[in-house]
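Visitor: A single structure is presented below for examination.
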Amino acid sequence: MPKCHDLKKDEVYGCEHCKLEVKVIKECVCEDDPEVCACYSQPHSCMFACCNEEMKKISG
């Protein structure tokens with residue numbers, strides 16, 4: 001799954017196992033900058049998982 005700053009409004013991500021779907025309502029305000037975004041400094045800070053698997057983009 002992309003980092004938080006890559007997720008765009010109205011994209012939908014889903015779990016292939018249980019079929020849960022998550023829609024991006026509001027985009028991240030952090031910048032694509034290692035000094036600003038925790039995605040770069042904190043491992044797993046922006047990992048979205050369900051049923052022990054990363055969620056995949058299914059539309060948007």
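Visitor: Per-residue ellipticity at 222 nm for the chain, helices alone: DSSP H runs ≥ 4 residues times -39500 (n - 2.57), over residue total, nearest 500 deg cm²/dmol?
Guide: -1000 deg cm²/dmol
Visitor: At a threshold of 8 angstrom on Cα-Cα distance, excluding pairs fewer than six apart, so keeping six or more, what relative contact order does the chain reach in percent?
Guide: 45 percent.
Visitor: Taking θ = phi - 60°, what integer Hz values does the Karplus form 6.51 cos²θ - 1.76 cosθ + 1.60 yield along the stretch 6-18, in sequence order, with x for Gly and Pro?
Guide: Using θ = phi - 60°, the values come out as 8, 6, 10, 3, 6, 6, 10, 10, x, 9, 5, 7, 9 Hz.
Visitor: Sequence-distant or interchain residues sharing an amide H contact under 5 Å with residue 58, placed H: which?
Guide: Amide H to amide H, under 5 Å and 5 or more residues apart or across chains, residue 58 pairs with 12, 13, 14.
Visitor: Given a 1.4 Å probe and heavy atoms of the protein chains only, how would you sort 13, 40, largest accessible area at the top?
Guide: The ordering from most to least exposed comes out as 40, 13.
Visitor: At a 1.4 Å probe radius, carbon and sulfur cover how many percent of the accessible area of the chain?
Guide: Whole-percent figure for carbon plus sulfur exposure: 50.
Visitor: Keeping all protein chains in place, calculate the accessible area per residue for the chain (probe 1.4 angstrom), answer in Å².
Guide: 76
The values are calculated or read from the model by the stated rules, or taken from the named source; none is laboratory data. None of these values were measured; they are calculated from a predicted model. Heads up: the accessible areas ignore ligands, DNA and RNA and are worked out on the full protein's heavy atoms, side chains in. Shrake-Rupley method; radii C 1.70, N 1.55, O 1.52, S 1.80 Å.
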